[in-house]
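For reference, the structure discussed in these notes is given below.
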Amino acid sequence: MISREWTVNAALALALLAAAIAAEAAGQVFYITLATRIAILGLAATGLNLALGLGGLVSFGHAVFFGIGGYAAGILGSHAFSGDPMIFGLEGSNSMPLIWLVAALAAAVAGVVIGVISIRTSGVYFIMITLAFAQMLYYFAISWPAYGGEDGLSIFVRNAFPGMNTMKPLSFFLISFGALMAGIAILAVLRGSRFGSALDVVRQNEVRAAAVGINPFPVKLTAFVLSAMITAVAGALYADLNRFVSPSMMSWHMSGELIVLIILGGTGRLFGPMAGAALFVLIEHNLGELTERWQFFLGLILLVTVLFARGGVLGFLAGKVRHG
Amino acid sequence: MAEPVLQISNLVKSFGALRATDDVTIDLHPGEIHALIGPNGAGKSTLIHQICGTHAPNSGTIRFMGEDITHLGVAARARKGLGRTFQISSIAPEFSALRNVMLAVQARQGSSFRFFRPVRSDASLTGPAMTALERVGLAGRASLPVAELSHGERRQLEIAIALALGSRAFLLDEPMAGMGPEGSRALTSFLADLKQEAPILLVEHDMDAVFALADRISVLVYGKIIATGTVEEIRRDPAVRTAYLGDHD
Amino acid sequence: MKTILSAAALALSLGVSSTAMAAPVKIGMITTLSGGGAGLGVDTRDGFMLAIKRAGNEDVTVVIEDDAQKPEMAVQLADKMIQQENVDILTGIVWSNLLMAVQPGAVAQGKFYVSTNAAPAPLAGKGCSPLYFNAAYQNDNLHEAMGQYANEAHKKMFILAPNYPAGKDSLTGFKRYFKGEVVSEIYTKLGQTDYAAEIAQIRASGADGVFMFLPGGMGIAFMKQFAQSGVETPVMGPGFSFSQDVLPAIGDAALGVKNSGQWSHDLDNEANKTFVDAFKAEYNRLPSIYAMQGYDAAQMILSAAAKADVKDTDAFRAELLKADFQSPRGKFKFNTNQHPIQDIYVREVVKEGDTYTNKIVGTAFTDHGDAYAQDCKM
Amino acid sequence: MTAALAIEQLLNGLQLGVMLFLMAAGLTLIFGVMGLINLAHGSLYMVGAFACAAVASLTGSFWLGLIASLAAAAAAGAIIEVLVIRRLYSRDHLDQVLATFALILIFSEGTRWVFGSFPLYLNIPSILQGAVSLPGGVQYPAYRLAVIAAGGLIALGLAALITRTRLGIRIRAGENDREMIGALGVDIRTLYTVVFALGAALAGLAGALVGALQSVQVGMGEPVLILAFVVIVIGGIGSIKGAFLAALLVGVVDTMGRFLLPHLLATVLPPSEAGTIGGSASSMLIYIMMAFILAFRPRGLFAA
C-alpha cells in the first residue's frame, strides 16, 4: 500500500514540474525561474536535512558549503570563459557534471575539517562552532581579492550540461529538478540503509548507540560530510541560476534560511525541504509585492510556524512522522 | 580456576579530592554471576562507567578476554563483546523493538557504513535479531515501538540487545529495578540460565535476587571493595554487616 | 515592495506640465529599501521619482522593488522585471556587489542599465557595455579628488578603508593622485564599528592628515570616535561618508571635515535650485548626493525617451549619450565608456541653523573622467 | 611602536571586552537558567540604543536616555518572554534558533517602521567629551574609560546579585535543578520573565553605551550578537565568570590582532598587501581562536 506521505510527496514533485511546464506553455518565463529557485534551494536544504533532520546535527553554518559550491561553478566557469589557466596551470571547465564533482569534493574537504572539530561538541556548542566556521570563511571570501571579494564573481555564460541548452529556462529547470530528485532519492536510500539506522540511533540516543557498539563520531562525521557535498552541488546550481556568486551565499542569514526551509517543510521528512523551499519562495515573492515591510511579516509567519504549526507543510498534508 | 573473562586491577578514579574508585580489584569468571553491592553513593555507577568506557580511570587496568581494554572507547568495547544494560532504560525510543535489536546485530557485523541495501528486507539482520527476541520472550512484541513496551519488557529488550551483540560478558545495571514480583521471578530464572552463555557482573539493589542468583558477591563502600566471597561468606562477614547490612537488620 | 507608478497620475497632483514621449517606456528600479542600508535606497528612489513626477507623463511607468541589499535577491528581481514585467530599462542599485551581479545578465538580455550610484571599475573598463550607463561617477573619482586635494596641504597621510573591493579601489584611487608619503595603509573589517585600535595608530603615526573611506554606519562610528579621541589630525574622505543621510547622525564631530563630491546642495545654478527646492517641498528634508544621482538618472532617461523609442536600441543609446538634460551639478557629459566627465568639488561640512550640511570650498578636478575608459572597447 | 600605543590598544581591547560582556552576560544567564538560545539578543541591544537616542534627543539628556534604554530593553524583553520565548523553553534548540531568528526580522523591520531608515544621532554627554592624559604619556578618551569602569562595576554588581541576593539564589537554583525550585514554591514563570528582562536590560544598556560611540541604526545588533556568542561559547555556556574572562580575551585578542597582524606582515610584504592580508587574517582571528579552544575543550573554558 502506498502511504499517505508518498502520495503527498509525489503530488508535490509533480506540482513543481507541472508549474514549470505550464509557465513555459504560457510564456511566463519568470515563473520557470521561480520554480528553478525552489528546486535548487530545496536541494540545498535536502543536503542540510541529512545532517539536521536525520542526524540531529543542527548546523548553523551550512551556507559555507552552499557558497563553496557556488564558487566552484564561478571559478571554473570564469576560467573556462576567459581561457586563463587556474592555479597549478589547471584548465577551467564549463561542464556542469565536472563542476558538481569539484564542488562536492571541495565541500567534502571543508566538511571533514569543520566536522572533525565541531562534532566533538554537541548542542548549542555545535550550533555556535559551525556558525563560527561559517563566519570565518565568509570574512575570508569577502577579503579574498582574486575572485572579486565582496563584489562577487559573474558567470557570463551559464555553464553547460551535455545534450541540453542550459540557457533555455525550462532546460535548466529540468536539470535542477533532476538534481533535486536525485538528492531526495539519495536521502531515501541512505535512510533505509544500515548507515541510516546507525545515524538514526545516534540522533535518538548517542549513549545507546555506543553501548551497542556503534561509534557515534564517524557516523556523524560521514553524515555531515555527505550533507555538505549535496548542499555544495546545490550551491553550484544556484550560482548558475543567478549567473553570479558572492560571499553573501555564505552569510549566516543564508545558513538561517536553509534551516528555515527545513522547518517550514517539516523536519526530517524527505520532501520537507522542497515543500519548505516552495513555501518560502512564494512567500518572499508575494509578500515583496504587497509591502515594503515584507521582512516583518515574513518574521511573523516564521514565528507562528515554529510556535503553532510544528510539523510544517508535510506535517499538515501528510500527518505525523511514522517510524518502523 | 579458568582464566577470568573480565579482570579489573587496582582501578583508581578521583573527582577532585573525592576518590570515587579506590584501588578496586575485581574479576569475573566464566559461568558465574558476580554481584556488586553497596550502599548508595558507594561508587557503583562510577565503576560501571569505567568498565564500559564512558569514564577513563586515573590508574589501574581493565582486561577483557585476556586483552587490555583500559584505553578503548565505549563502542569498541561493546563490539568486543562487553554487553551492557542501563540503570535507566535508554533505547532508541522511536524505533520498534526489532530495529533496536537489529542495530546490535549490525554493530556486531561491523557494518554501519553500508549505504545502499535497505535494512528492512535484510535477512542477515532480521534473522539474528528475531532469535534474540525469542530468547527473551519478546518475539510477539517485535514490531511495537519501544515507547509502547512496558517497563519490564524494556528490560528484556535490553538483554536481547546484549545477546544480539554476541556478548562474552554482561554488565547488568539494576535489571530488577521497577519490576513487579512476577517479573522479578521470571528475570531471575532467565539470568540463571543466561550465565551459562556468558558470565554476568550484576549491580543490583534487590537483595533477594542477589542472594538467589550470585555465585560471588563483592561489597563496595566509599569506593573500596571491603569484601569478596560467596553468599554465605558475605552474610557472615562482620565488616559488611557493620558497613552495609547492619542498616537493614 | 512593488510599486507601479504612472507619472501622469502624479503629475495631476503636482500640477506640472507634461512632455510628450516618443514611445512608452517602462523602468524597473531595484534598490535597497529595507535593512541597515535602506537610507541610501530611499534617497535614490525619492530623487528618481521626483524627476519622474515633474515630467508628468503617462507613457512612463516605474516598477520599484526592494533588494534588501542581497545580491541574490537583486538578481531574482532583475529576472522578474525583465522576464515578467518586460521593463525596458533597469536602474536604482546602490551597491557595487549587487550591480556586478545584475548588470551582465541585464545587458546580455538587451536591456539598458542606468546606474544611479554603483560604479565598479570592471564595468568602466574591460566589462563596459553599450547598454550600460552610469549617471553618477566612477567609483574611484571621489577618492582621486581627495588625493588631488591632499597634495595642497599634506605631506604624510594615513589612509584607511574597509577590506573589500570598493575599499581597495578607494585607496588605490587616492594614491593615484596623492604625491606625498602614505605613512600607513589600513584595511578594516567590513561592518566594523569600533575604530579605537585604528585611531590609536593614527595618533602614533605622525601623519599630518587622515583619508578614510568608511561608508554608512562605519563612517558614523569612526567620526564620533575620532572626535572623542582628542587626536587633532584633520580628516578627509569621499562624499559618501559625509552625505546628507549620515551627517545628522555624526553631528558636530563632522564639522570642518573636507570631503569630495560632484555635487553639493549649495551649487549655484538654476537646475540645482529647482531640484533642491522641489525635493525639500516634496519630502521635507535636504537631498543627499544619492537623491541627486537618482534625479539625474531619471532626467537622463526622460531626455532620451522624449526623442527616441526605447525599443530602438541604437537610437535610444545615441540620445542617452547626448546627456541632453540640466544636471543640478552643472556641466555633465559622457566619456567613451559612458561614465560621466564632470567637475569634482571639495566640500566642507558646516552647520546651517540646526542642519548639518556641506558647502563647496574648492574644485579638485574640472572635466574629470576616469582611469578605466582606455580599457573600454566598444 | 611605543609603549603608549601598546597601552592604549590594551585599553581598547579591555573596553571592547567589557561591552561584549554586557551582551554575553545576558545571553549566558538566559541559557544557564532557561536553557534557551536567544538570537534576538542583538535586537534588544538595538532597542536600547534607539530608546537612548530618541530620549536623549527629546530631552537633551544622555543620562535620561540611558535610563530609557534600560527600561525599554527590559520591557521589550519581558514582552517577548511572555508572548513568545516562554513557549520555547521545552523545545529543542532548533526551534529556539528559528523562532528567535524570526524575532530578529520582526524587530529590525519594526524598528525601521518606527524610526525610519536613517541612522539616529546620539552623542556622549559633555562631561565625558575629549581625552584624558594617563600616566606614561597615554592620551585616552574619557568616555571609553568611563565605559570600562561602568562595565567593571556592572560585572561586580552582577556577581553580587547572583551570590548574595534572594533572586540570585533562585537563579542559581534554576541553573542546577529546574524541578527543585518549583518544588520549593518559587514561581518559575515570574522568575524566568525577570531573568530574561534582566538579560535584556543589560543588552539594552550595552546598546546605549556603544550607540554613543558608533552609529545607531537598524541591524547594529547582529555583528555584536555573533561576537557575544563566540564569547559565551569560549567561556563555557551558562558561566558568568567564563563570559567575563572570555569577553576580555576576545576583546583584547581582536583589538591586538587588528593592530599587530598587519604590522607583522609588513616586515615581509609590501604595505598594501600586508594591509589586505593582515586585515582578512585579523577578521578571522577570533573565530580561529574559538575553533582552537573548542577543539581542546569542547565545552569551553569554564563549563558550568
Long-range HN-HN contacts of C:Tyr132 with modeled amide H, under 5 Å: C:Tyr113
Degrees between helix D:166-176 axis and first principal axis of chain D (Cα, 0 to 90, nearest 10): 90 degrees
Rg [Å, one decimal], Dmax [Å, integer] - the range C:115-201, C-alpha atoms: 14.7, 47
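Between A:Phe297 and A:Val157, take the C-beta separation as r, use R0 = 35 Å, and let me know the FRET efficiency to the nearest 0.05. Don't skip to the answer; put the middle values down first.
Details: r = 38 Å, r/R0 = 1.07.
Result of the calculation: an efficiency of 0.40.
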For B:Ser9, net neighbour charge (Lys/Arg +1, Asp/Glu -1) across residues whose Cβ lies under 12 Å away: -2
Residues whose placed amide H lies under 5 Å from that of B:Leu36, excluding near-sequence neighbours: B:Leu202, B:Val203, B:Glu204, B:Ser218
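Run through every distinct alpha carbon pair of the range A:4-318 and return the Kirkwood hydrodynamic radius in angstroms, one decimal place. Before the final figure, lay out each step's value.
Values: mean 1/r = 0.0506 Å⁻¹.
The Cα-based Kirkwood calculation yields 19.8 Å.
Percent antiparallel among DSSP beta bridges with both residues in the protein assembly as shown, to the nearest 5?
Numbers: 49 of 97 bridges.
Taking every DSSP beta bridge with both residues in the protein assembly as shown, the antiparallel ones total about 50 percent.
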Separation in nanometres of the label points that stand 7 Å from Cα toward Cβ, at D:Thr59 and C:Glu352: 3.4 nm
Separation of alpha-carbon centers, the range C:306-350 and the range B:1-60, rounded to whole Å: 87 Å
Test item: D:117-128 mean partner chain Cβ contacts at 10 Å: 6
Distance between modelled label sites at C:Lys280 and A:Leu282, nm, 7 Å Cα→Cβ extension: 5.1 nm
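How do C:Glu144, D:Glu273 rank when sorted from fewest to most other Cβ atoms within 10 Å of their own Cβ?
Details: C:Glu144 28, D:Glu273 15.
Final ranking by Cβ density, sparse to dense: D:Glu273, C:Glu144.
For a distance above 17 Å, tell me the whole-number percent of Cα pairs in the range B:91-166 that qualify. Walk me through the numbers before you get to the answer.
On the way: 1021 of 2850 pairs.
Of the Cα pairs, 36 percent sit more than 17 Å apart.
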Rg/Rh ratio calculated on Cα atoms of the range C:32-145 (Kirkwood radius): 0.95
Estimated FRET transfer efficiency when R0 is 41 angstrom, pair C:Leu321-A:Glu289 (beta carbons, to 0.05): 0.75
Nearby lysines by direct alpha-carbon distance to C:Lys359 (threshold 21 angstrom, same-chain neighbours under 8 apart not counted): C:Lys224, C:Lys258, C:Lys273, C:Lys280, C:Lys331, C:Lys351
Semi-axis lengths, Å, the range D:197-258, gyration tensor of Cα atoms, sqrt of 5 times eigenvalues: 20, 16, 10
Per-residue HN-Hα couplings for the range A:89-94 [Karplus 6.51, -1.76, 1.60; θ = phi - 60°; Hz; x = Gly/Pro]: x, 6, 7, x, 8, 10
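In deg cm²/dmol and to the nearest 500, what is the mean residue ellipticity at 222 nm of the protein assembly as shown if only DSSP H runs of at least 4 residues count, each as -39500 (n - 2.57), divided by the residue total?
Taken over the protein assembly as shown, the calculation gives -18500 deg cm²/dmol.
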Antiparallel content of DSSP bridges confined to chain C, in %, to 5: 40 percent
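Local charge sum around D:Asp254 (other residues, Cβ-Cβ under 11 Å, Lys/Arg +1, Asp/Glu -1)? Kindly include the intermediate steps, with their values, before the conclusion.
Values: positive: C:Lys189, D:Arg258; negative: C:Asp194.
Spelling it out: positives minus negatives among the neighbours equals +1.
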Neighbour-count order for A:Trp100, D:Trp113, A:Trp144, fewest beta carbons within 10 angstrom listed first: D:Trp113, A:Trp144, A:Trp100
Whole-angstrom Cα spans of the range A:138-215 along principal axes, big to small: 54, 37, 16
Separation between Cα centres of the range A:145-165 and the range A:94-118, rounded to whole Å: 17 Å
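Which value, in debye to the nearest 20, gives the size of the charge dipole of the range B:91-166 about its Cα centre, when Lys and Arg are +1 and Asp and Glu are -1 at the Cβ? Intermediate results must be reported in sequence, preceding the final value.
Numbers: 9 positive and 6 negative charges, 39 e Å.
Around 180 debye, computed over the range B:91-166.
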Principal semi-axes in Å for chain D [√(5λ), Cα gyration tensor, largest first]: 32, 24, 19
Helix axis angle, C:71-83 relative to chain C longest principal axis, alpha carbon, degrees: 20 degrees
Top positive-direction residue, dipole computed over the range A:175-324 with Cβ charges, set A:Leu298, A:Gly315, A:Phe177: A:Gly315
Where the Cα pairs of the range B:35-83 fall when distances are cut into 10 Å bins, in %: 25, 51, 23, 1
Radius of gyration and maximum dimension Dmax of the range D:49-196, Cα, Å: 19.8, 59
Under-5 Å amide H pairs with C:Val361, H placed in peptide plane, nonlocal only: C:Val346, C:Arg347, C:Glu348
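Which ordering of D:Ile286, C:Ile93 is given by a fewest-first count of other beta-carbon atoms within 10 Å?
On the way: D:Ile286 23, C:Ile93 30.
In increasing order of surrounding Cβ atoms, one gets D:Ile286, C:Ile93.
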In Å, descending, principal axis extents of the Cα set of chain C: 62, 46, 36
Viscosity 0.890 mPa s, temperature 25 °C, Stokes-Einstein D of chain B from Kirkwood C-alpha radius, µm²/s: 131 µm²/s
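Provide the net charge surrounding B:Gly43, with neighbours chosen by a C-beta distance below 13 Å and charges set as Lys +1, Arg +1, Asp -1, Glu -1.
On the way: positive: B:Lys13, B:Arg19, B:Lys44, B:Lys224; negative: B:Asp22, B:Asp23.
Value of the local net charge: +2.
Convex hull over the Cα atoms of the range C:246-378, averaged projected area in nm²? Intermediate values should be presented prior to the final figure.
Values: hull surface 38.3 nm².
Taking the Cα atoms of the range C:246-378, their convex hull projects to 9.6 nm² on average.
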Centre separation in Å (Cα based) which lies between the range D:16-91 and the range B:63-138: 49 Å
Folded to 0 to 90 degrees: helix B:123-136 orientation relative to chain B principal axis, Cα: 50 degrees
Gyration tensor verdict on the protein assembly as shown (Cα atoms; rounded if a/c is under 1.5, prolate if a/b is larger than b/c, oblate otherwise): prolate
Largest-first principal axis extents, alpha carbons of the range A:70-126, Å: 46, 21, 14
Listed peptides C:108-114, A:115-121 by packing density, highest first (mean Cβ within 10 Å): A:115-121, C:108-114
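The numbers here are math on the coordinates, done by the rules we state, and not lab data. Everything numeric in this text was worked out from a predicted model, so none of it was measured. All Cβ positions, glycine included, derive from the backbone under ideal geometry; neighbour counts span all protein chains shown.
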